[in-house]
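The structure appears right after this line, and notes come after that.
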Amino acid sequence: MINFNKPPYTGNEDKYIKESLTSGKISGDGPFTLKCHKWFDSKLLNSKSLLTPNCTQALEMAAILIGIEPGDEVIMPSYTFVSTANAFVIRGAKIKFVDIRKDTMNINEKLIEQAITDKTKVIVPVHYAGVSCEMDTIMSIAEKHNLFVIEDAAQGMMSTYKGKQLGTIGHFGTFSFHETKNYTSGGEGGLLIINDETFIKRAEIIREKGTNRSQFFRGMVDKYSWVDLGSSYLPSDIQAAYLYGQLEMADDILNNRLNAWDYYYEGLKNLESIQIPKIPEGCSHNGHMFYVKVRDIKERDFFIESLKQKGIMAVFHYIPLHSSLAGKKFSEFNGTDVHTTFESERLVRLPLFYGITVREQELVVSAIKSFFNEN
Ligand SMILES: *Cc1c(COP(=O)(O)O)cnc(C)c1O
């Protein structure tokens, strides 16, 4: 059987976990968290990084930091994971969805401006499949209307837009280290990137239960106490130890996934029955995902079932948020849903993970060719 995903494991993770276990400090912001922060600080230049237990909570922190209040409006695509919306909904915001671009499945930057009202506070572009949104346009719209930009770069670690790492372009960036992402911190994990330094001090407080404990540990205050609202957004240092093993191998994981991505691309590019991803000029991606688009939802279900019979696990996602039960309550689709629903119903993700073999990929490609009777 060919799994859809395998959690990445490169070989040093258990060594570091053992080291963490014997360090005498396995709670948050221990030695491995600091090592990870250092790694991100050098990779994501000029940004402040804070590990979180997952990307959902990194988004929640960003929503608190920009002061989302009941009635505020947030602009994002409907074609995304539920957390992109929920992080703002739990602060009382209303979500305004904008249609996506057919080529990248990312928010259509040309439709953002017409969704802006005097209640709009933030634009949340989602870099689907680790392929960047059109950030120059989005940043200039945000500047013009005095809005924040929080990049949901959950899938975008190591991808770039015009040479800049994803997550470092907006005011904030958020990443996921869930086991389905390119890098994991032992199953669950996340990262908040702060690109506007005026938010750093408060971010550390919110992350530490509303206390100034981080300043205390740096010797800046002589005791710590409750100074602001907050929650607990620190991952265990054991999570960071797993992640550190992956960060040391970051380029190896990246190249492995890009090779796998290229293999599918070459193997499938001449098929007439399907469409495959396109990477816009100026964007470098991270091989997070390879998808194909078939004719429609009926063919999709038939296609997935036929691969399954050959032991190949392919999956679809997402059901657009505006058509879900909670979406109807907390959100509104701005303008017409031309592409979001239709394109989401045709998309199928192929197995792709660190360590997938050429033999496995060969089987996937030939199963697809035989499904469509193409060679
Ligand atoms: C995976 C993902 C998330 C959530 O990440 P968690 O770490 O599981 O909280 C959010 N947004 C997008 C686009 C994702 O792909």
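General remarks:
- When the helices (runs of 4 or more DSSP H) confined to the range 5-90 are screened for residues that are more than 16 Å from the ligand (Cβ to nearest atom), those reaching at least 1 such residues are found at 13-21, 31-43, 55-65.
- Residue check for F333: more than 25 Å from F177 (Cβ to Cβ) and out of contact with any helix residue (DSSP H, G or I) (no Cβ under 8 Å at 6 or more places or on another chain): no
- Within the range 155-273, helices (runs of 4 or more DSSP H) holding 3 or more residues that are buried (at least 18 other Cβ atoms within 10 Å of the Cβ): 200-207, 237-247, 250-268
- Restricting attention to the range 91-113, the residues being surrounded by fewer than 23 Cβ atoms within 10 Å (Cβ to Cβ), among the acidic types (D, E) and assigned to a loop (DSSP other than H, G, I, E, B) number 1.
- Check on F148, at pLDDT 95 or above, away from the ligand (no atom under 16 Å from the Cβ), closer than 26 Å to I206 by Cβ and crowded, with 17+ Cβ neighbours inside 10 Å: yes
- Members of the range 94-113 found to be within 16 Å of the ligand (Cβ to nearest atom) and either under 19 Å from K328 (Cβ atoms) or within 17 Å of the chain's Cα centre (by Cα) (or both), listed by number: I95, F97, V98, I100, T104, M105, N106, I107
- Selection status of I116, away from the ligand (no atom under 13 Å from the Cβ), surrounded by fewer than 22 Cβ atoms within 10 Å (Cβ to Cβ) and closer than 16 Å to N334 by Cβ: yes
- Restricting the first member to the range 241-266 and to residues that are more than 22 Å from L34 (Cα to Cα), and the second to residues that are among the polar types (S, T, N, Q) and assigned to a helix (DSSP H, G or I), the beta-carbon pairs closer than 8 Å and six or more apart or on different chains are A260/Q361; Y263/Q361; Y264/Q361.
- When residues in the range 44-92 are screened for being within 18 Å of I107 (Cα to Cα) and among the charged types (D, E, K, R), 1 of them pass.
- Candidate set: the range 30-39, residues that are of a type outside the set (V, I, T) and crowded, with 22+ Cβ neighbours inside 10 Å; chosen: the one nearest to S236 (Cα to Cα): F32
- In the range 156-202, the residues that are hydroxyl-bearing (S, T, Y) and within 12 Å of the ligand (Cβ to nearest atom): T174, S176, T180, Y183, T184, S185
- Within this structure, E197 fails the test of being out of contact with any Asp or Glu (no Cβ under 9 Å at 6 or more places or on another chain), among the charged types (D, E, K, R) and either modelled with pLDDT under 95 or under 19 Å from N286 (Cα atoms) (or both).
- Per the listing S20, S83, S27, S78, the residue uniquely touching a strand residue (DSSP E or B) at 6+ places or on another chain (Cβ under 7 Å), at pLDDT 95 or above and on the phi < 0 side of the Ramachandran plot is S78.
- Residue count for the range 274-288 satisfying the condition of being under 19 Å from V358 (Cβ atoms) and crowded, with 17+ Cβ neighbours inside 10 Å: 1.
The values are calculated or read from the model by the stated rules, or taken from the named source; none is laboratory data. These numbers were taken from a predicted model, which means no experiment stands behind them. Cβ coordinates were reconstructed from backbone atoms using ideal geometry, including for glycine residues, and neighbour counts include every protein chain displayed.
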